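Could you have a look at this structure, given as C-alpha cells, before my questions?
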Amino acid sequence: MTLTKETRVTLNDGNMMPILGLGTYASPDVPKSLAEEAVKIAIDVGYRHIDCAFITGNEMHIGNGIRSKISDGTVKREDIFYTGKLWCTYFSPEMVRKGLERSLRDVGMDYLDLFLMHWPVSLKPSGASDPSDKDKPFIYDNVDLCATWEALEACKDAGLVRSLGVSNFNRRQLERILNKPGLKYKPVCNQVECHVYLNQNKLHSYCKSKDIVLVAYSVLGSHRDRNCIFNIDAPSRVDLSLPVLLDDPILNKVAAKYNRTSAEIAMRFILQKGIVVLAKSFTPARIKQNLGVFEFELKPEDMKSLESLDRNLHYGPFREVKQHPEYPFHDEY
C-alpha cells in the first residue's frame, strides 16, 4: 500500500487514525508557547494527528493551537485526531473520569479521539505526580488495571472519548485487559517506544494478532540534553552513555543511498513495518521535512539491514517505578 500523509489505519472500533502524528512532549526548559506554534505549523502543512498527555503540562497550549486552526477555517474538529493520556495518579476508578475531564478542559474539546492509560503502573496522588518532583517520591498503588479500564469504558459510553487504548503495556498486561470478564471495548492501540534499536517485533506481532495497532514514540531515539529530566515522550532520566541512534553507521549508510536524512530513514522504517509513527519536533523546518517520509520507499534489503540493528534498547525505561509490581519491562515483551 502506498503511504501518504492522508493515510489512516482502521482501528478495531471502526475509527480511523492517521499513520503519522505530531508528538508534543518537550523538556521542562522549553517554553510551552513553542508547542502551540508547532501545532499550528503542523496542521498547516498537513498533519491531522496530534499526540499529547496530561503529564507533559502543555495540553492547554496544544488545544490553543488546534482551536486557532479550526477558527481560521484550516480544519474542522472532525479532521483532527487528538490523543490524550490518563496519568498514573488517576487510575482509581473514581478518579478516571476526573482525569479525562481535566484533559478535556485543558485542551478545550468536547471529546477526545483517543485516550490512553499512560503506563500500566498505578500511583497514589499523595506522592509525587511526576519524575520532576524532587521533593517527594512516588507512592505506589495497587489499582487493578481492569478496574481502571472499566471506568474508561464508562467514559466512552458517555461520549467523552471515541477510542480507548494503552501505552507501555507488555503482552501479559494486554492479555489481562483482553480477558477481562464483560469486556466492552478492546484497546485499539498500544503506544510504545519503538525504533531501529528497539523494533518491538514480538510485541507488534502479538498486537496484530489481536487487531491492536502499535503506535511508536521515540522513533529517533533519545535527545542528548544533559539538563533534561525526561526522555523524549517517556518520563525517565536519559542515560548519556547510550549510543546516539541517529549516528548509527548503518542507518546513515542507508540514508546516503536514498539521499535522505537519518531521521527520515528511521521514521520510514517504522512506518513500513505497519506501525503508526509519532514525530516529535517544534522546529518548523523539521516538522515539514518529516513529511518527506512519504516521498520514498525502502527496498527489502534495506529494511533487512535496519532490522539487524535491534538491540532491545530502551531510551525511556521509567526506572523511577522499576520496583512497582506492574513495571512492564521485566517481561521479554
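The values are calculated or read from the model by the stated rules, or taken from the named source; none is laboratory data. Computed from a prediction, not measured in an experiment: that's the story for all the values here. With ideal geometry, Cβ positions are generated from the backbone for all residues, glycine too; neighbour counts draw on all protein chains shown. Side chains included, ligands, DNA and RNA excluded: accessible areas come from the protein's heavy atoms. Shrake-Rupley method; radii C 1.70, N 1.55, O 1.52, S 1.80 Å.
Any idea which of (1) basic (Lys, Arg); (2) open to solvent by less than 60 Å² (accessible area, probe 1.4 Å); (3) over 25 Å from Tyr315 (Cβ atoms) is the one Lys85 doesn't satisfy?
(3)
Of all residues in region 44-60 being in a helix (DSSP H, G or I) and touching an Asp or Glu at 6+ places or on another chain (Cβ under 7 Å), which is surrounded by the fewest Cβ atoms within 10 Å (Cβ to Cβ)?
Met60
Out of the residues in region 88-116 that are part of a helix (DSSP H, G or I) and among the aliphatic types (A, V, I, L, M), which is most open to solvent (accessible area, probe 1.4 Å)?
The qualifying residue most open to solvent (accessible area, probe 1.4 Å) is Met95.
Residue by residue through region 146-177, note down the ones that are in a helix (DSSP H, G or I) and not hydrophobic (A, V, I, L, M, F, W, C).
Thr148, Glu150, Glu153, Lys156, Asp157, Arg171, Arg172, Gln173, Glu175, Arg176
Moving on to the next point. Let me confirm something: among Glu307, Glu326, which residue is in contact with a Pro (Cβ under 6 Å, 6 or more places away or on another chain) and not polar (S, T, N, Q)?
Glu326
While we're on this one: Residues of region 129-177 being open to solvent by 20 Å² or more (accessible area, probe 1.4 Å) and within 18 Å of His330 (Cα to Cα), which ones?
Those that are open to solvent by 20 Å² or more (accessible area, probe 1.4 Å) and within 18 Å of His330 (Cα to Cα): Tyr140, Asn142, Arg171, Arg172, Glu175, Arg176.
Also, I was wondering about something else. Cβ-Cβ distance below 7 Å, separation of 6 or more or different chains: which pairs start in region 54-82 with a residue that is without any contact (Cβ under 8 Å) to a residue 24 or more places away in the chain and more than 21 Å from Val276 (Cβ to Cβ) and end on one that is open to solvent by less than 60 Å² (accessible area, probe 1.4 Å) and not in a loop (DSSP other than H, G, I, E, B)?
Cβ pairs passing all conditions: Ile70/Arg77; Lys76/Ile70.
Inside region 278-309, can you point out the residues that are within 30 Å of Asp130 (Cα to Cα), part of a loop (DSSP other than H, G, I, E, B) and not hydrophobic (A, V, I, L, M, F, W, C)?
Those that are within 30 Å of Asp130 (Cα to Cα), part of a loop (DSSP other than H, G, I, E, B) and not hydrophobic (A, V, I, L, M, F, W, C): Ser281, Thr283.
Next question. Considering only region 306-323, how many residues are touching a helix residue (DSSP H, G or I) at 6+ places or on another chain (Cβ under 9 Å) and surrounded by 18 or more Cβ atoms within 10 Å (Cβ to Cβ)?
8
Here is a follow-up. Given the options Tyr333, Tyr258, name the one that is touching a helix residue (DSSP H, G or I) at 6+ places or on another chain (Cβ under 6 Å), in contact (Cβ under 8 Å) with a residue 24 or more places away in the chain and either among the acidic types (Asp, Glu) or open to solvent by 20 Å² or more (accessible area, probe 1.4 Å) (or both).
Tyr333
Provide a single number: the residues in region 9-43 that are assigned to a strand (DSSP E or B) and free of Cβ contacts under 8 Å to residues at least 40 places away in the same chain.
Summing the residues that are assigned to a strand (DSSP E or B) and free of Cβ contacts under 8 Å to residues at least 40 places away in the same chain in region 9-43 gives 1.
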